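Novice: Quick one: the structure is below, questions incoming.
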Amino acid sequence: MNTIMGLINLQEDGSLIRELADRRAVESIPFAGRYRLIDFALSSMVNSGIRKVGVMLPDEPRSVLDHLRSGKDWDLARRHDGLFYLPAVPDDTQQRKGDLKNFYHNLDFIEHASADYILLANGSFVYNVDFDEVLRFHQNTGADITLVSHTTEDENTGSNVVIETAENGLILDITEKPVAYEGMKVSMGVYLMEKDVFVECVRYAYEHGGQRFLLDGIIRRAANYTMFAYAHGGYMAHVDSMSTYYRANMEILDPSVWEELFMGERPIYTKIKDGIPVQYKDTAKVENSLIANGCVIRGEVENSILFRGVTVGRGVKIRNSIIMQKCDIQNGALVENVICDKNVVITADKWLKGAMEYPLVIRKNATI
């Protein structure tokens, strides 16, 4: 896979998940107890033998840089190739928004790369994909652009790129829709193409006033390219809203989903943080939950995810909730259908309840 250079686009719209993304990129939101969303795209690339990855930084890159650093935990801290950071470009005089301007102003880096193909991925999708198979599919079909797609199993709201294909995967129609219904094929934000196709696509779209790579570079110019869809039959979630974030974390508690994502031959890597094991005290009771290192449990935890260093006091009941790093849930508190960001303190005997469809979100560093 030395013929492929990976690009991870971190210009995700965080308006529907702003409670967690107001001071961090969407792709660096904590997920599944110890990971960040970007880990899935980056790990899939590394497991597929891609050794050169460029990260298109968001406008607020600190959380991404702190997580990825040199790329050592993904075996990308290399003398040759490895991990590269491509900075975001300030709004130009035409006040153009979107990600296209960032691709355009970093074209010199892409054009001088030795790779033959560009694998572009959004960093807000949860999956474990073998991109070797995508490359073989792309070469066998003779496509200009190959999209990785997934067939929805239920109704998905949010940003959906819906595609229609022939039996052989040839894309007949592609459009953006706010709702994708059961049985529809949706893009997983992964696009494979030859480097020359990518450069031409970006240059033409930007120089003709375009703002977004997907809309102006691909959808509006779909007639100019032969596009195929590679069908991914495994698990996939797109985290672009509070409801999809909550649902994806709850789905991780399904053993079959967990095993597919994390227990196969292609591991998901993340930033390593050494810590002590979980301490389960004599009053602890835990059912169907994911508990990370460093937690101290004295109360009850059910159908929930606790990140590193969470303290659960005596008499506490946590149900259907996501509790991020170093939160302190004090004695007698009840937490149900709640998302707590990092360093939240819930004082003794407080009761917090949200709904399964609309979980209650507590912002970082808050004390309740």
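The values are calculated or read from the model by the stated rules, or taken from the named source; none is laboratory data. Source: prediction; values computed, not measured. In this analysis, Cβ positions are derived from the backbone assuming ideal geometry, glycine residues included, and neighbour counts consider all displayed protein chains. Keep in mind that these areas ignore ligands, DNA and RNA; they rest on the heavy atoms of the full protein, side chains included. Shrake-Rupley method; radii C 1.70, N 1.55, O 1.52, S 1.80 Å.
Novice: Does Asp81 fit the bill of being open to solvent by 30 Å² or more (accessible area, probe 1.4 Å) and under 30 Å from Gly183 (Cα atoms)? Let's see the steps before the verdict.
Specialist: Values: open to solvent by 30 Å² or more (accessible area, probe 1.4 Å): yes; under 30 Å from Gly183 (Cα atoms): no.
Spelling it out, it is not the case that Asp81 is open to solvent by 30 Å² or more (accessible area, probe 1.4 Å) and under 30 Å from Gly183 (Cα atoms).
Novice: If you don't mind, another one. Being under 19 Å from Tyr269 (Cα atoms) and within 19 Å of the chain's Cα centre (by Cα) is the filter here; which residues of the range 55-75 pass it? Working first, answer last.
Specialist: To start, the set of residues in the range 55-75 that are under 19 Å from Tyr269 (Cα atoms) comprises 55, 63-75.
Across the range 55-75, the qualifying residues are Val55, Ser63, Val64, Leu65, Asp66, His67, Leu68, Arg69, Gly71, Asp73, Trp74.
Novice: Shifting gears a bit: Name the single residue that is farthest from Leu290 (Cα to Cα) among those in the range 247-261 being surrounded by fewer than 16 Cβ atoms within 10 Å (Cβ to Cβ) and charged (D, E, K, R). Break it down into steps so the answer makes sense when it comes.
Specialist: Step one: filter the range 247-261 for residues surrounded by fewer than 16 Cβ atoms within 10 Å (Cβ to Cβ), giving 254-256, 258-260.
Of the ones still in play, those that are also charged (D, E, K, R) are 254, 259-260.
Working: Asp254: 11, Glu259: 13, Glu260: 16 Å.
Within the range 247-261, the match that is farthest from Leu290 (Cα to Cα) is Glu260.
Novice: Looking at the range 321-335, which of the residues that are over 19 Å from Lys364 (Cβ atoms) and touching a Gly at 6+ places or on another chain (Cβ under 7 Å) is least open to solvent (accessible area, probe 1.4 Å)? Spell out how you get there, then give the answer.
Specialist: So in the range 321-335, the residues over 19 Å from Lys364 (Cβ atoms) come out as 331-332, 334.
Add one more test, that the residue is touching a Gly at 6+ places or on another chain (Cβ under 7 Å), and what stays is 331-332.
Numbers: Asn331: 83, Gly332: 23 Å².
So, considering only residues that are over 19 Å from Lys364 (Cβ atoms) and touching a Gly at 6+ places or on another chain (Cβ under 7 Å), the one least open to solvent (accessible area, probe 1.4 Å) is Gly332.
Novice: Which condition breaks for Lys52 when tested against (1) at pLDDT below 95; (2) open to solvent by 30 Å² or more (accessible area, probe 1.4 Å)?
Specialist: The failed condition is (1).
Novice: Hey, does the range 115-131 have a residue that's assigned to a loop (DSSP other than H, G, I, E, B), more than 18 Å from Tyr191 (Cα to Cα) and more than 19 Å from the chain's Cα centre (by Cα)?
Specialist: Initially, the range 115-131 is screened for residues assigned to a loop (DSSP other than H, G, I, E, B), giving 115-116, 123-124, 127-130.
So of that shortlist, the ones also more than 18 Å from Tyr191 (Cα to Cα) come out as none.
Within the range 115-131 (the criterion being assigned to a loop (DSSP other than H, G, I, E, B), more than 18 Å from Tyr191 (Cα to Cα) and more than 19 Å from the chain's Cα centre (by Cα)), the answer is no, since none of the residues qualifies.
Novice: Would you check if Ile318 is more than 22 Å from Ser28 (Cα to Cα) and open to solvent by less than 10 Å² (accessible area, probe 1.4 Å)? Break it down into steps so the answer makes sense when it comes.
Specialist: Values: more than 22 Å from Ser28 (Cα to Cα): yes; open to solvent by less than 10 Å² (accessible area, probe 1.4 Å): yes.
Yes; evaluated as a whole, the condition is true for this residue.
Novice: With on the phi > 0 side of the Ramachandran plot and open to solvent by less than 20 Å² (accessible area, probe 1.4 Å) as the only criterion, which of Gly183, Gly189, Gly158 stands out? Even if it seems obvious, please write down each step before you answer.
Specialist: Working: Gly183 fails: open to solvent by less than 20 Å² (accessible area, probe 1.4 Å); Gly158 fails: open to solvent by less than 20 Å² (accessible area, probe 1.4 Å).
Step by step, each of Gly183, Gly189, Gly158 is checked, and only Gly189 is on the phi > 0 side of the Ramachandran plot and open to solvent by less than 20 Å² (accessible area, probe 1.4 Å).
Novice: Separate question: Looking for something out of contact with any Asp or Glu (no Cβ under 9 Å at 6 or more places or on another chain) and buried (at least 19 other Cβ atoms within 10 Å of the Cβ) - is there at least one such residue anywhere in the range 265-278?
Specialist: no
Novice: Right, here's the next one. Could you run through the range 293-334 and say how many residues are in contact with a Phe, Trp or Tyr (Cβ under 8 Å, 6 or more places away or on another chain) and in a strand (DSSP E or B)?
Specialist: 4
Novice: Determine the pairs where a residue that is under 17 Å from Ile322 (Cβ atoms), located within the range 250-263, has a partner that is open to solvent by 70 Å² or more (accessible area, probe 1.4 Å) and modelled with pLDDT under 95 with Cβ atoms under 9 Å apart, the partner being 6 or more residues away or on another chain.
Specialist: Once the first residue is under 17 Å from Ile322 (Cβ atoms) and sits in the range 250-263, its partners that are open to solvent by 70 Å² or more (accessible area, probe 1.4 Å) and modelled with pLDDT under 95 give Met250/Met356.
Novice: Among the residues of the range 348-365, what is the count of those that are surrounded by 14 or more Cβ atoms within 10 Å (Cβ to Cβ) and assigned to a loop (DSSP other than H, G, I, E, B)?
Specialist: Residues in the range 348-365 being surrounded by 14 or more Cβ atoms within 10 Å (Cβ to Cβ) and assigned to a loop (DSSP other than H, G, I, E, B): 5 in total.
Novice: Can you go through Thr165, Thr151, Thr146, Thr157 and tell me which one is polar (S, T, N, Q) and over 28 Å from Tyr245 (Cα atoms)? Don't jump to the end; show me each part of the working.
Specialist: Numbers: Thr151 fails: over 28 Å from Tyr245 (Cα atoms); Thr146 fails: over 28 Å from Tyr245 (Cα atoms); Thr157 fails: over 28 Å from Tyr245 (Cα atoms).
Of Thr165, Thr151, Thr146, Thr157, the one residue that is polar (S, T, N, Q) and over 28 Å from Tyr245 (Cα atoms) is Thr165.
Novice: Okay, moving on. Which residue is farthest from Tyr191 (Cα to Cα), if the candidates are limited to the range 217-234 and must be open to solvent by less than 30 Å² (accessible area, probe 1.4 Å) and in contact with a Leu (Cβ under 9 Å, 6 or more places away or on another chain)?
Specialist: Result: Gly234.
Novice: Oh, and also: Please indicate, with yes or no, whether at least one residue in the range 204-214 is of a type in the set (A, V, I, L, M, F, W, C) and surrounded by fewer than 21 Cβ atoms within 10 Å (Cβ to Cβ).
Specialist: No, because not a single residue in the range 204-214 is of a type in the set (A, V, I, L, M, F, W, C) and surrounded by fewer than 21 Cβ atoms within 10 Å (Cβ to Cβ).
Novice: Which condition does Glu19 not pass, out of (1) open to solvent by 10 Å² or more (accessible area, probe 1.4 Å); (2) in contact with a Pro (Cβ under 9 Å, 6 or more places away or on another chain); (3) of a type in the set (D, E, K, R); (4) farther than 19 Å from Arg266 by Cβ, if it passes all the others?
Specialist: Of the numbered conditions (1) open to solvent by 10 Å² or more (accessible area, probe 1.4 Å); (2) in contact with a Pro (Cβ under 9 Å, 6 or more places away or on another chain); (3) of a type in the set (D, E, K, R); (4) farther than 19 Å from Arg266 by Cβ, the odd one out for Glu19 is (2).
Novice: A further question on this structure: Condition check: farther than 23 Å from Glu133 by Cβ, over 16 Å from the mean Cα position of the chain (by Cα), open to solvent by 40 Å² or more (accessible area, probe 1.4 Å) and in contact (Cβ under 8 Å) with a residue 40 or more places away in the chain. Does Thr175 satisfy that? Spell out the reasoning first.
Specialist: Working: farther than 23 Å from Glu133 by Cβ: yes; over 16 Å from the mean Cα position of the chain (by Cα): yes; open to solvent by 40 Å² or more (accessible area, probe 1.4 Å): yes; in contact (Cβ under 8 Å) with a residue 40 or more places away in the chain: yes.
It is true that Thr175 is farther than 23 Å from Glu133 by Cβ, over 16 Å from the mean Cα position of the chain (by Cα), open to solvent by 40 Å² or more (accessible area, probe 1.4 Å) and in contact (Cβ under 8 Å) with a residue 40 or more places away in the chain.
Novice: Also, quick follow-up: Taking Thr244 as meeting all but one of (1) within 15 Å of Tyr35 (Cβ to Cβ); (2) buried (at least 17 other Cβ atoms within 10 Å of the Cβ); (3) at pLDDT below 95, write down the number of the exception.
Specialist: The failed condition is (1).
Novice: Right, His105: under 25 Å from Asp66 (Cβ atoms) and not aromatic (Phe, Trp, Tyr) or not? Walk me through it before giving the result.
Specialist: Numbers: under 25 Å from Asp66 (Cβ atoms): yes; not aromatic (Phe, Trp, Tyr): yes.
Spelling it out, His105 is indeed under 25 Å from Asp66 (Cβ atoms) and not aromatic (Phe, Trp, Tyr).
Novice: Tell me which of these Gly98 doesn't satisfy, since it passes every other one: (1) within 24 Å of the chain's Cα centre (by Cα); (2) in a loop (DSSP other than H, G, I, E, B); (3) at negative phi.
Specialist: All conditions are met except number (3).
Novice: Given the conditions (1) at pLDDT below 95; (2) open to solvent by 50 Å² or more (accessible area, probe 1.4 Å); (3) in contact with a strand residue (DSSP E or B) (Cβ under 8 Å, 6 or more places away or on another chain), which single one is not true for Glu164?
Specialist: Only one criterion is unmet by Glu164, namely (1).
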